[in-house]
1. Can we say Ser95 is out of contact with any strand residue (DSSP E or B) (no Cβ under 9 Å at 6 or more places or on another chain) and not hydrophobic (A, V, I, L, M, F, W, C)?
2. For the range 108-152, give me each residue that is hydrophobic (A, V, I, L, M, F, W, C) and either in contact with a His (Cβ under 7 Å, 6 or more places away or on another chain) or part of a helix (DSSP H, G or I) (or both).
3. Would you mention how many residues in the range 171-219 are part of a helix (DSSP H, G or I) and free of Cβ contacts under 8 Å to residues at least 60 places away in the same chain?
4. Residues of the range 64-89 being over 21 Å from Ser39 (Cα atoms) and exposed (fewer than 14 other Cβ atoms within 10 Å of the Cβ), which ones?
5. Looking only at the range 165-177, decide whether some residue is crowded, with 16+ Cβ neighbours inside 10 Å, among the hydrophobic types (A, V, I, L, M, F, W, C) and out of contact with any strand residue (DSSP E or B) (no Cβ under 8 Å at 6 or more places or on another chain).
6. Can you find a residue in the range 43-52 that is among the hydroxyl-bearing types (Ser, Thr, Tyr), within 27 Å of Gln127 (Cβ to Cβ) and either in contact with a His (Cβ under 7 Å, 6 or more places away or on another chain) or modelled with pLDDT of 95 or more (or both)?
7. Would you call Leu120 within 17 Å of the chain's Cα centre (by Cα) and either over 21 Å from Gln16 (Cα atoms) or touching a residue at least 24 places away in the same chain (Cβ under 8 Å) (or both)?
Amino acid sequence: MTHSTSLITKVDLREQFSNIRDQHSRPLCLAFASSDLNSYVNGLKHALSVEYLSYYAYKDFSNNNFDSGLTIQAVSSVLFNRGQPEESELPYQISNQEPSEPPHYDFEEKIYSSGQEKALTPDEIVQNLNSGVPVIVGVELSHTFFNPKPPYLINYEDGNFGGHALIIIGYGECDKGENYFLIRNSWGPQWADAGYAWLSADYISRKSITFMELNKKCT
């Protein structure tokens, strides 16, 4: 199947996010996506502590399998009840097998948000983005996803290489009217277009597992 490579960008929120980070081999894609979206909804452009978020997302739900990914329920609970300190307060440890235990004192300032798991169609995602509301998506990975080539448009293909969480932060339209969604990954700036790529609406429709919205927590 031939896909157009002429893409007109409609929404692109890259400039409102902090620098792309790399989760390396740890299964914390949802923690990275949630941390970055927590920053965004609170109007911040600096990173928040994935170590803090993941430590309590495992601990509070009595999950000792650190080879497994986290759940939306666990992550959203921590963001709402405990919040997150800045990344510099408890930095990410690439080589850790399990999350670093936070210090025994509490941090002076933490950032909170309220998360909700939702079912969204591509049209509803477009509506969100037009209102400045990015969403986290969990998708099944395809072969192309691991090494996308310019212009970094990833289309649906058969096969599943595991699940992965990303943030949808924009969208564009090809000349034939097909929407593509701009995704923010956590595999470092060396992946795709400095850490970003475009997923087709067809990919989202057929390979999405779940969605999550975050809003600033009301105090």
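The values are calculated or read from the model by the stated rules, or taken from the named source; none is laboratory data. Just so we're clear, the structure is a prediction, and the values are computed from it rather than from any experiment. Positions of Cβ are generated from backbone atoms using ideal geometry, with glycine treated the same way; all protein chains shown enter the neighbour counts.
1. Details: out of contact with any strand residue (DSSP E or B) (no Cβ under 9 Å at 6 or more places or on another chain): yes; not hydrophobic (A, V, I, L, M, F, W, C): yes.
Answer is yes for this residue.
2. We begin by selecting, within the range 108-152, every residue hydrophobic (A, V, I, L, M, F, W, C); these are 111, 119-120, 125-126, 129, 133, 135-137, 139, 141, 145-146.
Listed by number, the residues that qualify are Ile125, Val126, Leu129, Val139, Leu141, Phe145, Phe146.
3. Our first condition is that a residue be part of a helix (DSSP H, G or I); within the range 171-219, this holds for 201-207.
Imposing the further condition that a residue be free of Cβ contacts under 8 Å to residues at least 60 places away in the same chain reduces the set to 202, 206.
Residues that pass the stated criteria total 2.
4. Asn64, Asn65, Asp67, Ser68
5. Step one: list which residues in the range 165-177 are crowded, with 16+ Cβ neighbours inside 10 Å, which gives 165-174.
Filter again for among the hydrophobic types (A, V, I, L, M, F, W, C), leaving 165-169, 174.
Filter again for out of contact with any strand residue (DSSP E or B) (no Cβ under 8 Å at 6 or more places or on another chain), leaving none.
No, because not a single residue in the range 165-177 is crowded, with 16+ Cβ neighbours inside 10 Å, among the hydrophobic types (A, V, I, L, M, F, W, C) and out of contact with any strand residue (DSSP E or B) (no Cβ under 8 Å at 6 or more places or on another chain).
6. First, pick out the residues of the range 43-52 that are among the hydroxyl-bearing types (Ser, Thr, Tyr): 49, 52.
Filter again for within 27 Å of Gln127 (Cβ to Cβ), leaving none.
No, the range 43-52 has no match at all.
7. Details: within 17 Å of the chain's Cα centre (by Cα): yes; either over 21 Å from Gln16 (Cα atoms) or touching a residue at least 24 places away in the same chain (Cβ under 8 Å) (or both): yes.
Criteria met by Leu120.
Let's see how each residue does on (1) under 12 Å from the mean Cα position of the chain (by Cα); (2) at pLDDT 95 or above; (3) of a type in the set (A, V, I, L, M):
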site: Ser131; (1), (2), (3): no, yes, no
site: Val135; (1), (2), (3): yes, yes, yes
site: Gly138; (1), (2), (3): yes, yes, no
site: Tyr152; (1), (2), (3): no, yes, no
site: Asn155; (1), (2), (3): no, yes, no
site: Gly172; (1), (2), (3): no, yes, no
site: Gly177; (1), (2), (3): no, no, no
